[in-house]
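Participant: Before I ask anything, here is the structure I am working with.
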Amino acid sequence: MDIVGLGYIGLTSAHVADWRSYAPDVLGMQVRPSEGETLLLRMDDRHHRIALHPGQQERLAYVGWELLDRVAWDECLRILEVAGYTADVADRQLCDERAVHAMAWIIGPDHVRHEFFYGAAFNTHTFLPGRPHHGFVTGDGGFGHVVVTVPEWTDDLDRFIEKVLSFKWFGSGADVGKRRFYRPKRNHRTHSIGYSIVPGLLGLNHVGIEVNDLDDVGIAYDRVLERGYPLMATLGRHTQDPVISFYHFSPSGFPIEYIHGGIEDSTAHPFVEGKSESLSVWGHKFNTDAPRTATVYAATESVGR
């Protein structure tokens, strides 16, 4: 399957109103004007990258994978069918909501709704960050990464990721057997999706977004502390994927990793598939006093349909 990258994600949340100020003021995203209740967040000239749907539970509603064109999308549907997945093809109304030309979806063995689309809507030179900002790293690598917590790593999930989606293995960091990271083959990012394996848990672990300038990481770090959003981990540099980042809890309860730098092409760095002995070169000290937050569950059904 020829997936380009992570195109968008959708969440349901009881805290959409809090995101209206948090997303632009802290993260630097643009809130897209909308007549409906769904909050749409922009990171570039695309229609949107994150959608927050009002709901009673904090929930990962869907993950959108971008295909290059109609040929790749048709091939995607064929691959899913051969693998035993019956894809639901979205009607025009749902495609318009996602702002794509065509989309189909399945529920994967990770209990996540995976949507496959092509033809995303965009409007050149229209992105206006919510605060002074040097912009986000998006483009042909997608907008970042998502990490899902699953209770166990199964043969079905392994086959789905590596054989059906054709994702390339990146590594496990310092947690061999507890974490797994993957990326589409054509993607320059180290990973677009990851899995944290924790018995008894299922849901969203964190979302990673990358910015063009290190100063924007520092400014976001200051604003998180000033506005009282709890840290999950302090500023630091990872070992295997040597970005500078920090983790904090969003209004929905799941962590956001705010990132700058790192490897753009892991094929040039053979060490990345080895076992690193530490999570980080420096920093990333976990906050053991952070309050318990809402669990963000993986979705097994669609939003509104």
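Participant: For the range 96-119, which positions are surrounded by fewer than 18 Cβ atoms within 10 Å (Cβ to Cβ) and not in a strand (DSSP E or B)?
Facilitator: Correct list: D96, H101, P109, H111, G119.
Participant: What pairs come out if I take residues in the range 56-79 that are surrounded by 13 or more Cβ atoms within 10 Å (Cβ to Cβ) and pair them with residues that are in a helix (DSSP H, G or I) whose C-beta lies under 8 Å away, six or more apart or interchain?
Facilitator: Close Cβ pairs satisfying both conditions: G64/R98; L67/W73; L67/C76; I79/V164.
Participant: When the residues of the range 15-38 are narrowed to those that are part of a helix (DSSP H, G or I) and out of contact with any strand residue (DSSP E or B) (no Cβ under 8 Å at 6 or more places or on another chain), which ends up nearest to E257 (Cα to Cα)?
Facilitator: V26
Participant: Yes or no: D140 loosely packed, with under 13 Cβ neighbours inside 10 Å, more than 30 Å from L201 (Cα to Cα) and at pLDDT 95 or above?
Facilitator: When the stated conditions are applied, D140 does not pass them.
Participant: If you don't mind, another one. Could you say which residue among R180, R189, R237 is touching a residue at least 60 places away in the same chain (Cβ under 8 Å) and charged (D, E, K, R)?
Facilitator: Going through R180, R189, R237 in turn, the sole match is R189.
Participant: In the range 39-55, what count of residues is obtained for those that are in contact with a Phe, Trp or Tyr (Cβ under 6 Å, 6 or more places away or on another chain) and either surrounded by fewer than 17 Cβ atoms within 10 Å (Cβ to Cβ) or not in a strand (DSSP E or B) (or both)?
Facilitator: 4
Participant: Could you list, in sequence order, the residues of the range 80-95 that are assigned to a helix (DSSP H, G or I), of a type outside the set (V, I, T) and surrounded by fewer than 13 Cβ atoms within 10 Å (Cβ to Cβ)?
Facilitator: Scanning the range 80-95 gives E81, R92, Q93.
Participant: Here's a check for you: in the range 80-97, which residue that is touching a residue at least 12 places away in the same chain (Cβ under 8 Å) and of a type in the set (V, I, T) is nearest to G142 (Cα to Cα)?
Facilitator: Among those that are touching a residue at least 12 places away in the same chain (Cβ under 8 Å) and of a type in the set (V, I, T), it is V89.
Participant: With respect to V224, is the statement that it is closer than 15 Å to V112 by Cβ and touching a residue at least 24 places away in the same chain (Cβ under 8 Å) true?
Facilitator: In short, no.
Participant: Only one of G108, G119, G144 is within 18 Å of L6 (Cβ to Cβ), of a type in the set (G, A, S) and assigned by TED's automatic domain parsing to the domain that holds R179. Can you tell me which?
Facilitator: Of the residues listed, the single one that is within 18 Å of L6 (Cβ to Cβ), of a type in the set (G, A, S) and assigned by TED's automatic domain parsing to the domain that holds R179 is G144.
Participant: Quick check on this structure: which one of G200, G236, G171, G208 is out of contact with any helix residue (DSSP H, G or I) (no Cβ under 9 Å at 6 or more places or on another chain) and either crowded, with 22+ Cβ neighbours inside 10 Å or acidic (D, E) (or both)?
Facilitator: The conditions single out G208.
Participant: Can you tell me which of (1) crowded, with 17+ Cβ neighbours inside 10 Å; (2) under 18 Å from G130 (Cα atoms) is the one D222 doesn't meet?
Facilitator: (1)
The values are calculated or read from the model by the stated rules, or taken from the named source; none is laboratory data. Note that the coordinates shown come from a computational prediction; the quantities given were computed from them, not determined experimentally. Please note: Cβ atoms are built from the backbone with ideal geometry, for glycine as well, and neighbour counts cover all protein chains shown.
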